[in-house]
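Read the figures in this text as sums done on the coordinates, not as results from a lab. Treat the numbers as computed from the prediction; the structure is a model and nothing was measured. Every residue, glycine as well, gets a Cβ built from its backbone with ideal geometry; the counts of neighbours run over all protein chains shown.
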Amino acid sequence: MKIGYKLPAKLNRKIGQAMHDFSMFSEGDRVLVAVSGGVDSLTLACVLKIWQSKAPIQFDLTAQYIDHGFWRRQAGAADPVEAIGRQLQRLSQDFEVAEEWAINEGDRTCFLCSRNRRSQLFDLAREKGYNKIALGHHKDDLIETFMLNAVYSGNISTMVPKQDLFGGTLSIVRPMAYLEKYEVCQIAAGLKLEIVKNLCPLSNDTRREKVRNLLQALYQDEPAAKNSLFAALSNVRIDYLL
């Protein structure tokens, strides 16, 4: 099935540049796209489906959703699998669902939940023979992670566009690393995506949200700061660090 939408040329170039700069995909790759129902992951699933149809290489693509079960604990909440599956079906996109590995709800934190989900994705990829996991992180996410790690963990690091793991048998790729959040939303609007609400009870009270608000205040005062911060991530002067 063809998607009746053409990526804006500028955004298409940014995606292609990120893929090229970090050699994200190769002939015969088997790619697992992590989808949550949010705008970023749904957009990535669509973007990769578009690229799959025109890329000079062949690669397999499957969307994977991990069901946290939050919707079952809220009266009247709909099963997100239905909304996500319906949209991916429009693209003839393979879609699989797995129940979240158990977490003691009293111990749940954003860090623990994220680590649990990441470990589960690794396990699913190995079990089903995928060598790439594609995540929907974008430019704003990379900057926010840098600030989070500096402010709360005392280290200088961020998420990287491509990360090889387990001796190179599995890689994490982030094809939208050069896109800003508003550009991701622009693509989502063009695709008429239906965003599935995040029902996590901690979603509106996180350290990332605090850092995001701090950065938004900075950008309003210094509009060029975002590009400077992003450039700084690849312009580290080791001799001037402790």
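At a threshold of 8 angstrom on Cα-Cα distance, excluding pairs fewer than six apart, so keeping six or more, what relative contact order does the chain reach in percent?
On the way: 309 pairs, mean separation 62.0, N = 242.
Relative contact order for the chain comes out at 26 percent.
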per DSSP, antiparallel bridges as share of beta bridges in the chain, % nearest 5, sits at 20
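Counting Lys and Arg as +1 and Asp and Glu as -1, each charge on the Cβ, what is the dipole of segment 99-242 about the Cα centre in debye, to the nearest 20?
Working: 19 positive and 18 negative charges, 49 e Å.
The calculation lands at about 240 debye.
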Dipole magnitude of segment 42-181 about its Cα centre, charges +1 at Lys/Arg Cβ and -1 at Asp/Glu Cβ only, in debye to the nearest 20?
340
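Just rank D60, D164, D141, fewest to most, by other beta-carbon atoms within 10 angstrom. Don't jump to the answer; show the numbers that get you there.
On the way: D60 15, D164 12, D141 21.
Taking fewest neighbouring Cβ atoms as first place, the list is D164, D60, D141.
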Chymotrypsin sites (Phe, Trp or Tyr not before Pro) in segment 1-69 lying in a DSSP loop, each with at most 15 other Cβ atoms within 10 Å of its Cβ, come to Y5
Using a 10 Å Cβ count of at most 12 others and DSSP loop calls, identify the longest part of the chain lacking such trypsin sites (Lys or Arg not before Pro).
7-191
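Can you put T109, T62 in order, fewest other beta carbons within 10 Å first?
Values: T109 12, T62 17.
If I rank by nearby Cβ atoms, fewest first, I get T109, T62.
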Quick one: net charge around L214, please, counting Lys, Arg +1 and Asp, Glu -1 for every other residue with C-beta under 14 Å from its C-beta.
0
Listed values (i) -0.45, -0.74, -0.83; (ii) -0.36, -0.65, -0.76; (iii) -0.31, -0.61, -0.73, entry calculated as log10 I(q)/I(0) by the Debye sum over Cα atoms at q = 0.08, 0.11, 0.12 Å⁻¹:
(iii)
Determine the dipole magnitude for the chain: charges of +1 sit on the beta-carbon of Lys and Arg, -1 on that of Asp and Glu, nothing else is charged, the reference point is the Cα centre, and the result goes in debye to the nearest 20.
540
